[in-house]
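The values are calculated or read from the model by the stated rules, or taken from the named source; none is laboratory data. Please read these numbers as outputs of a predicted model, since none were measured by experiment. In this analysis, Cβ positions are derived from the backbone assuming ideal geometry, glycine residues included, and neighbour counts consider all displayed protein chains. Each accessible area value is taken on the protein alone, full model and side chains, heavy atoms only, with ligands, DNA and RNA left out. Shrake-Rupley method; radii C 1.70, N 1.55, O 1.52, S 1.80 Å.
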Amino acid sequence: MGPIEIRRMTPEDGEIVFALMREFYDSPAVLVDTPDPILRRDIADAVSDNPFLDGFIFTEEENIVGYAMTTRCYSTEYGGLAVWVEDLFLLPAYRGRGLATRFFAHIEELYPEAVRFKLEVERDNVPAMASYRKNGYAVSDYVEMTKEMPLRA
């Protein structure tokens, strides 16, 4: 296996990223059955001038082996930029190779003004939680509450 590069997502990545997103969103790591049109809109927004969403690609010798998406908002509790890791998905053969660590370092360098980085993880996803802990993430004492609106495909 060759070196893995992390780069910004481009419109040309769309179909491969869609297939990866479908695999991720159909897995036990995601609790919502997200329809295809929403995933396609996510990709379009990630490669547009949308100021809140950034898309990233993991490549090995030009082959896409994973993707990630981050969103940004303001944290009043911490008084500055908060970055959410919305999606982080690697093909199974590429897990456990330190790519999450590289990605977290990449976004910390990309958003040096950030005062907080956040992510969600399904409680049963023990390998992911171990990786996140290794990178300084901790389980929050807050209980997340959401109000789900109808999906708008």
Name the single residue, out of those in segment 35-56 being surrounded by fewer than 18 Cβ atoms within 10 Å (Cβ to Cβ), out of contact with any Leu (no Cβ under 7 Å at 6 or more places or on another chain) and among the charged types (D, E, K, R), that is nearest to F117 (Cα to Cα). D49
Are any residues in segment 57-105 open to solvent by less than 60 Å² (accessible area, probe 1.4 Å), assigned to a strand (DSSP E or B), farther than 12 Å from K118 by Cα and not aliphatic (A, V, I, L, M), and if so, which ones? F58, T59, E60, G66, Y67, G80, F89
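Please go through segment 47-78 and pick out each residue that is aliphatic (A, V, I, L, M) and within 11 Å of the chain's Cα centre (by Cα). Lay out the reasoning, then the answer.
So in segment 47-78, the residues aliphatic (A, V, I, L, M) come out as 47, 53, 57, 64-65, 68-69.
Of everything in segment 47-78, those that are aliphatic (A, V, I, L, M) and within 11 Å of the chain's Cα centre (by Cα) turn out to be L53, I57, A68, M69.
Select from segment 102-153 the residues that are of a type in the set (V, I, T) and at pLDDT 90 or above and list them in ascending order.
Step one: filter segment 102-153 for residues of a type in the set (V, I, T), giving 107, 115, 121, 126, 139, 143, 146.
Residues satisfying the conditions are I107, V115, V121, V126, V139.
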Pull out all pairs, ordered by first then second residue, where Cβ-Cβ is under 8 Å, the residues are six or more apart or on different chains, the first lies in segment 79-92 and is over 18 Å from E120 (Cα atoms) and in contact (Cβ under 8 Å) with a residue 12 or more places away in the chain, and the second is buried (at least 18 other Cβ atoms within 10 Å of the Cβ) and among the β-branched types (V, I, T). L91/V65
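Only residues that are of a type in the set (D, E) and either more than 19 Å from F52 (Cα to Cα) or assigned to a loop (DSSP other than H, G, I, E, B) (or both): list them for segment 107-152, please. Don't jump to the end; show me each part of the working.
Start the filter on segment 107-152 by keeping residues that are of a type in the set (D, E), which leaves 108-109, 113, 120, 122, 124, 141, 144, 148.
Matches in segment 107-152: E113, E120, E122, D124, D141, E144, E148.
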When D13 is run through (1) touching a helix residue (DSSP H, G or I) at 6+ places or on another chain (Cβ under 6 Å); (2) not in a loop (DSSP other than H, G, I, E, B), the failure sits at (1)
Going by what's in this entry, would F18 be described as modelled with pLDDT of 95 or more, open to solvent by less than 30 Å² (accessible area, probe 1.4 Å) and farther than 29 Å from V115 by Cα? yes
Cβ-Cβ distance below 6 Å, separation of 6 or more or different chains: which pairs start in segment 38-56 with a residue that is part of a helix (DSSP H, G or I) and end on one that is at pLDDT below 95? I38/A153
